[in-house]
1. How long are the three semi-axes of the equivalent ellipsoid for segment 22-131, computed from the Cα gyration tensor as the root of 5 times each eigenvalue, in whole Å, largest first?
2. At a 10 angstrom cut-off on C-beta neighbours, averaged per residue, how do the peptides 115-122, 91-98, 40-47 rank from highest to lowest?
3. Report, to the nearest 10°, how far helix 37-49 tilts away from the longest principal axis of the Cα atoms in the chain, using its own Cα long axis and a range of 0 to 90°.
4. Just rank 114, 23, 129, fewest to most, by other beta-carbon atoms within 10 angstrom.
5. On a 0 to 90° scale, report how tilted helix 76-94 is relative to the longest principal axis of the chain, with both axes built from alpha carbons and the result rounded to the nearest 10.
6. Sort 101, 167, 183 so that the residue with the fewest other Cβ atoms within 10 Å of its own Cβ comes first and the one with the most comes last.
7. With angles folded into 0 to 90 degrees, how steeply does helix 174-190 sit against the dominant principal axis of the chain? Use alpha carbons for both and round to 10.
8. How much length would be gained if the chain were fully extended between residue 4 and residue 50, taking 0.36 nm per residue of separation minus their Cα-Cα distance, in nm to one decimal?
């Protein structure tokens, strides 16, 4: 909470993730793997221009056509397959309805998403939190970098260990997790870069004392 308050004093309330619908957010969560969000925005814009940003349209579309439309997101053949896998899961398990999908208990749905080829923990949690408004904390490279540099956990610790720090010690609130993760993303972009700008960073001087543990 001390870290949260320090970040919040600098950034205030943020509204994140970019996306107009749960489907758009889910598609974006898959496309943003290993690329900048600006590249994802271009891909989503092309899908919209082609009137293809719907479950039915994505389900009908050929792999080749989908890969062409999302080319700006990089690794477009791989990501087209991953999108197809997700849409196939959504249509086969929930008749193409995200509303039905998000009615499932969070732990059960998270396991189902992780079973979809190409959906890892970060992507699954992004879909749950930002598209489904479910309290599942997202751990990304920014979060790990910031926490490891401030003595919370070593960077090489696993995804689950980082996630448990938040899930076990903080209120289970989708809005709270949304705000917290959004601040991590912003401070990671603004200050805690690969070459950090520590002297300007609002977290300058903050350190976990004693180091937090996930067990």
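1. 21, 15, 12
2. Numbers: 115-122: 16.1, 91-98: 14.4, 40-47: 19.4.
Those peptides, ordered most packed to least, come out 40-47, 115-122, 91-98.
3. Roughly 20 degrees, rounded to the nearest 10.
4. Details: 114 13, 23 18, 129 23.
Listing 114, 23, 129 from fewest to most nearby Cβ atoms yields 114, 23, 129.
5. Orientation of helix 76-94: about 80 degrees from the principal axis.
6. On the way: 101 21, 167 15, 183 25.
The fewest-first ordering by Cβ neighbours comes to 167, 101, 183.
7. With both axes taken from Cα atoms, the answer is about 80 degrees.
8. On the way: separation 46, 0.36 × 46 = 16.56 nm, distance 4.09 nm.
Between residue 4 and residue 50, full extension yields an extra 12.5 nm.
Every read-out reported here was derived from the displayed coordinates using simple, explicitly stated rules and does not represent laboratory data. Please read all numbers here as calculations on a predicted model, not as lab measurements. Positions of Cβ are backbone-derived with ideal geometry, glycine not excepted, and every protein chain shown enters the neighbour counts.
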